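Reading through the C-alpha cells given below for one structure.
Rule-based calculations on the coordinates, nothing more; no lab input. No experiment lies behind these values; they were computed from the predicted model shown. All Cβ positions, glycine included, derive from the backbone under ideal geometry; neighbour counts span all protein chains shown.
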Amino acid sequence: MSGVRHVASSVTKATLRQSYSDGPAAAPLGAVRPAVWLRRLGVVNFRCYGAATLDLDQRPVVLTGPNGAGKTNLLEAISLLAPGRGLRGARLEEMDRRVEAPGADAAPWAVAAAVATPDGPREVGTGRDPAPEARERRENKPEARERRVIKIDGAFARRQQALGEILAVTWLTPRMDGLFRDGPGARRRFLDRLVHGLDPAHAGRVTAYERAMRERARLLRAGRTDDAWLGAIEEGMARRGIAIAAARRDLVTRLGALSARRVGPFPVAEPTLSGDVALWLDEGPALAAEDRLRHALAAARAADAETGGAAAGPHRADLLVRHAARGMPAAACSTGEQKALLVSMVLAHGRLLDLHRGAPPILLLDEVAAHLDEARRRALYGELAALGTQAWLTGTDAGVFAPLGARAQFFLVADATVRPAGAPAGAGK
C-alpha cells in the first residue's frame with residue numbers, strides 16, 4: 001500500500017502506550033506534522049448544492065450557519081471519499097440534488113478533492129454512475145443496484161479500497177449519540193469504519209461476507225441442500241468471517257491501549273469485543289477458528305433455514321465499552337458521558353492511525369463541540385491541533401469555536417453557499 005507505514009501486528013499495549021506517551025497531546029499546539037488533508041473540495045449536484053468549491057489549508061475547518069444550511073451535507077460529501085456509504089448510509093440516488101421541474105431527471109452527484117499526502121498530491125473523486133446504460137438497467141430491472149464510480153488521479157478504480165489507501169476518514173454525528181444504547185448492528189458498523197483506517201480491504205471483506213450469507217439463506221429457504229454448493233459458500237464465509245473478526249479484534253486491542261492515555265477531562269473508554277468468533281481467536285490460531293466456524297455453519301443449516309440467518313459468525317459480534325474510572329457500561333452512563341466516551345474513542349483512533357499510517361485521519365465532527373462543556377471543548381481543540389488533523393467541525397454558534405482562533409479556518413454556510421469567514425469575536429481566548 002503506497003504511502004502507508006504499517007506497524008507490526010504483534011505490537012503490544014505497552015509499546016502503543018509508550019509510542020504516544022510524549023506524542024501529539026504533548027506537542028506544541030499548531031505544530032506542523034505530516035498529514036493527509038484536503039487542499040480543495042468540490043461538489044456538484046450533491047444534496048442541496050448545485051456546485052460548491054472550497055480552497056483549504058491544513059488547519060481544522062469550522063463550518064457555521066443556521067440549521068438546514070448544508071453544513072452536514074459537506075461532511076457527508078467528504079465521508080464518501082473513504083470506503084463505505086458515507087456518514088448517513090444513504091442510497092446513491094438519495095444524494096442527488098432535488099430537481100423541482102416536473103418530469104426532470106436528477107443529475108448524478110459527484111464529489112472530488114485534491115488531497116495533500118506525505119507522498120505528494122493526489123486527486124480523488126466519486127459519484128453516481130451517469131452512464132445512460134445505468135438508467136436503462138434500472139428501468140428494465142428495477143431491482144438493479146445503482147453503481148458508484150471512483151476515480152484516482154484521473155483513472156477509474158474498480159474498488160472502494162483504492163480510496164482507503166489514500167484517505168482515512170472518521171466521523172461523529174448527532175445520529176450516533178445513542179450508539180451505546182442502540183442494537184449491536186450500529187456498533188458493528190461503527191467499529192468497521194474504524195477498522196477501515198487500518199485495513200482498507202476490510203470493507204470489501206464485510207460486503208462479500210454479507211453477500212454470501214444472504215445467498216446461503218436464500219438457498220436454505222428454498223430447500224436447496226446441495227452439500228458442495230452450500231459447503232463452498234460456507235467455506236468462503238468462514239475464511240472471510242475470521243479475517244473480519246481478527247481485524248476487529250486487532251483494532252479493539254490497539255484502541256484500548258491508546259484510549260488508556262486520558263485526554264484532559266475526557267473519560268477513558270475501555271472497549272472489548274464480544275461473540276463466539278472473537279473467543280475462538282483468543283483460544284487458538286485463525287485456521288482453527290475457521291474450521292470451527294465452517295463446522296458451526298454446516299451444523300446449523302436446518303435451524304438457519306427456519307430463521308433465515310446464520311447462528312454463528314462475525315455478524316453476531318458486539319462492541320462493548322466501559323467507562324474505565326467508574327467501571328460502568330457506557331450504556332448506563334449519562335448522555336453527556338456517552339458523548340464524551342465517543343469523542344475519547346475517536347481521538348484515540350486518530351492517534352492510532354497516526355502511528356499506523358504515518359498521518360492522522362480527517363475527522364468529521366458534526367455538532368459535537370456545542371454539546372461539550374468549556375473544559376472539554378478546549379481539550380478537544382488542543383488535541384486536534386496537536387494531532388495535526390484537518391478536522392471539520394460544524395455548529396450554529398460561531399462563538400463556540402472562538403478558542404481555536406488562528407489555529408482554524410472558518411467558513412459561513414447559508415442557503416447552500418459557502419464563503420470564507422473571519423474568526424469569531426474573542427478568537428484565541
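Compare Ala416, Ala168, Ala408 in a GNM of the chain, Cα atoms joined below 10 Å, and give the one with the largest fluctuation. Of Ala416, Ala168, Ala408, the Gaussian network model singles out Ala416 as fluctuating most. Taking the square roots of five times each eigenvalue of the Cα gyration tensor of region 164-282, the equivalent ellipsoid has semi-axes of 32, 15, 15 Å, listed largest first. Among Asp119, Asp96, the ranking by other beta carbons within 10 Å of each residue's beta carbon, starting with the fewest, stands as Asp119, Asp96. Put simply, the C-alpha atoms of the chain give a gyration tensor, and the ellipsoid matching it has half-axes of 36, 29, 19 Å, longest first. Net charge in the neighbourhood of Ser274 (other residues with Cβ under 14 Å of its Cβ; Lys, Arg +1, Asp, Glu -1) is +2. Modelled spin-label separation between Asp291 and Arg98, with each label point placed 7 Å from Cα along the Cα-to-Cβ direction: 5.8 nm.
With only Cα atoms counted, region 299-377 has Rg and Dmax values of 18.6, 57 Å.
Using only C-alpha atoms and all pairs of different ones, pull out the Kirkwood radius for region 242-292 in Å with one decimal. Kindly include the intermediate steps, with their values, before the conclusion.
Details: mean 1/r = 0.0830 Å⁻¹.
The Cα-based Kirkwood calculation yields 12.0 Å.
With neighbour counts taken as other beta-carbon atoms within 10 Å, the residues Met345, Met176 rank, fewest first, as Met176, Met345.
Share of Cα-Cα pairs in region 142-229 beyond 19 Å, in percent? It works out to 60 percent of all Cα pairs. Go ahead and collect, in residue order, the members of region 260-300 whose backbone nitrogen is under 11 Å from a label point 7 Å along the Cα-Cβ direction of Arg326. Output list for this probe position: 267.
Sort region 361-411 into rounded, prolate or oblate with this rule: let a ≥ b ≥ c be the square roots of the eigenvalues of the Cα gyration tensor; rounded if a/c is under 1.5, and if a/c is not under 1.5, prolate when a/b is larger than b/c, oblate otherwise. Numbers along the way, then the final one.
Working: a/c = 1.32, a/b = 1.21, b/c = 1.09.
Because its axes are fairly even, with a/c under 1.5, region 361-411 counts as rounded.
Report summary: the helix-based calculation at 222 nm, which adds -39500 (n - 2.57) for every DSSP H run with n ≥ 4 and divides by the residues of the chain, gives -12500 deg cm²/dmol.
Taking only complete DSSP H runs, can you tell me which helices of the chain stretch 27 Å or more along their own long axis by Cα positions and average at least -1.0 on the Kyte-Doolittle scale? Working shown, then result.
Details: long enough: 202-221 (29 Å, -0.93); 227-259 (46 Å, 0.26); 335-357 (33 Å, 0.20).
TM-like helix candidates: 202-221, 227-259, 335-357.
Scan the chain and hand back the longest stretch that contains none of the GluC sites (Glu not before Pro) lying in DSSP loops with at most 11 other Cβ atoms within 10 Å. That would be 144-429. Just so you know, the Cα atoms of region 310-429 work out to an Rg and Dmax of 17.2, 58 Å.
With each label modelled as a point 7 angstrom along the Cα→C-beta vector, the Arg91-Glu215 pair spans 2.3 nm. Of the residues Ala247, Ala385, Ala302, the one that moves most in a GNM of the chain with alpha-carbon contacts below 10 Å is Ala302. A full extension of the chain between Val149 and Arg40 corresponds to an added length of 37.3 nm, given 0.36 nm per residue minus the alpha carbon distance.
Size descriptor for region 246-391, Kirkwood hydrodynamic radius: 17.3 Å (Cα pairs only, one decimal).
Report the calculated FRET efficiency for Ala375 and Asp119 (r = Cβ-Cβ distance, R0 = 56 Å), to the nearest 0.05. If you can, show how the numbers build up before the last one.
Values: r = 38 Å, r/R0 = 0.68.
For Ala375 and Asp119, the calculated efficiency is 0.90.
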